[in-house]
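The values are calculated or read from the model by the stated rules, or taken from the named source; none is laboratory data. Computed from a predicted model, the values in this text were never measured in an experiment. When we count neighbours, we look across all protein chains shown, and the Cβ atoms used for this are built from the backbone with ideal geometry, even at glycine. Ligands, DNA and RNA are stripped out before the accessible areas are found, and what is left, the full protein with its side chains, is counted by its heavy atoms. Shrake-Rupley method; radii C 1.70, N 1.55, O 1.52, S 1.80 Å.
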Amino acid sequence: MAILDHLLVLTDDIDATRDFWCEALGLEVGERPPLEFPGYWLYGAAGPCVHVAERAAYEAHSGDAGIPANDGPVEHVAFDAPDYDAAAGRLALGGIQAHSNEVPGVMRQLFVEDPNGVKIEINVKEQR
């Protein structure tokens with residue numbers, strides 16, 4: 001079974017993107033290797049899970065390295081959260097509007113978008 005290692009968000013505003021992900025999910029800026037483009041690594045409880053990179057510099061670096069650019073859309077990225085009220089409260093405190101959904105007997109969900117239009121799904125699974 002695959003486990004999400006990280007998500008890379010390319011952006012024209014790395015600071016606004018960093019702030020959004022930290023406010024929305026409680027991630028923290030952490031250590032990042034000396035890469036050839038500006039950015040941040042954002043850490044959750046298990047380590048770095050969201051990488052943020054300045055779009056133009058990353059695309060130039062990838063081109064120089066022979067790595068094809070991916071300009072396709074990301075429909076959503078899902079994260080688990082332990083407490084629905086805490087997650088909803090964090091979003092409200094940050095002024096981030098969320099759409100709620102419930103999958104009866106399975107989980108409650110919150111959906112938000114980051115400043116770049118990446119949809120984020122926050123799942124709080126029911127205890128069994």
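The combined condition, being more than 15 Å from Leu27 (Cβ to Cβ), modelled with pLDDT under 90, assigned to a loop (DSSP other than H, G, I, E, B) and in contact with a Ser or Thr (Cβ under 8 Å, 6 or more places away or on another chain), is not fulfilled by Asn70. Residues in the stretch 19-67 that are touching a Leu at 6+ places or on another chain (Cβ under 9 Å) and either charged (D, E, K, R) or part of a loop (DSSP other than H, G, I, E, B) (or both): Glu23, Leu27, Glu28, Glu54, Arg55, Glu59. Scanning the stretch 73-87 for residues that are outside any loop (DSSP other than H, G, I, E, B) and of a type in the set (A, V, I, L, M) turns up Val77, Ala78, Ala86, Ala87.
Inside the stretch 14-37, residues that are within 22 Å of Asp64 (Cα to Cα) and surrounded by fewer than 17 Cβ atoms within 10 Å (Cβ to Cβ) make up a count of 6. Output the residues belonging to the stretch 115-126 that are touching a helix residue (DSSP H, G or I) at 6+ places or on another chain (Cβ under 6 Å) and open to solvent by less than 10 Å² (accessible area, probe 1.4 Å). Matches in the stretch 115-126: Ile122 only.
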